[in-house]
Structure formats: C-alpha cells, structure tokens
1. Being at pLDDT 95 or above, small (Gly, Ala, Ser) and in contact with a Cys (Cβ under 8 Å, 6 or more places away or on another chain) is the filter here, so list the residues in region 1-58 that pass it.
2. Within region 99-127, how many residues are under 17 Å from Gln87 (Cβ atoms) and surrounded by 14 or more Cβ atoms within 10 Å (Cβ to Cβ)?
3. Checking Asp61 against (1) under 26 Å from Ile129 (Cα atoms); (2) in contact with a Phe, Trp or Tyr (Cβ under 8 Å, 6 or more places away or on another chain); (3) charged (D, E, K, R), only one condition comes out false. Which one?
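The values are calculated or read from the model by the stated rules, or taken from the named source; none is laboratory data. The structure displayed is predicted, hence computed values, not measured ones. Cβ placement follows ideal geometry from the backbone for every residue including glycine, while neighbour counts extend to all protein chains displayed.
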Amino acid sequence: MWADGVHPKVRLGQAHSCVLILMGVRLDGSKELIALAEGLRESTESWADLLRDCRRRGMRDPELVVGDGAMGLWRALAEVFPQARHQSCWVHKTRNVTNALPKSAQPGAKRALQEIYNAEDRDHALKAIKDFERTYGAK
C-alpha cells in the first residue's frame, strides 16, 4: 500500500488541511484506490482515523506500507495495523539525500541511488550502497 498526503493550494475548510490517499496493489499487480480523506497536516490522528475506517470496512493488515516519511503515518500505522512493515518511498528518500549534497554532486548521486534500488539482487544492491558511500559519504 502507498500512503501520501497531498496539500492542495486551495483551503479545504480549515487551515493546513490535506487530502490523505491510500493506494493498494493486488497480487496480480493491479492498483486500486483504497481511500481518500481530508486530514489535518498528515497528523497521527488524521492518519489513524483513516486507517481505522479502513479496518472497520474489512481491510486486513497490509504487507508493506510505503510513505514519504511523515511521522504521523508511521505512528498511526503502528497503532492500527501493527503487523504491517513500512518503508520510505525511494522518490522522497532520493530527494532528501540529494538535497543534502552540493548541486554539482546531485545528478551523479541520483544515478548512484538508482543503482541501489534498481539492483538485480541483494548482493548488487549492497555493492551499490558501498560505492555510493565511498563516492558521496564525505559530502
């Protein structure tokens, strides 16, 4: 399942509101919208309300939840679906890492990070991680 909060430029009745979105993928690879809800700043309570509603409607613990790293989601997930594993989305992780580097290093670092998540297996990923650390660790 993917989880994200979208922050539209228009106000949705209260300051700092956002649209919370849950997307799922089935075993056959098809994707579907699970839920949409208005939330307040991607807060723990907003995410927990949405997840509790999904549980009430019969949703079982997801195998894996991918999100942008907003702490409210992870805390709510631990409360409502404690068995679900979670990880940060690679798009956000890549952005966070490259933004911490000098502009001149960003294109190469982005390609190096892609080598990690596109690796054909764990051994290749571990090698790509070591290569990334050797090249960009000091920066």
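1. Ala35
2. Number satisfying all stated conditions: 4.
3. Unmet condition: (1).
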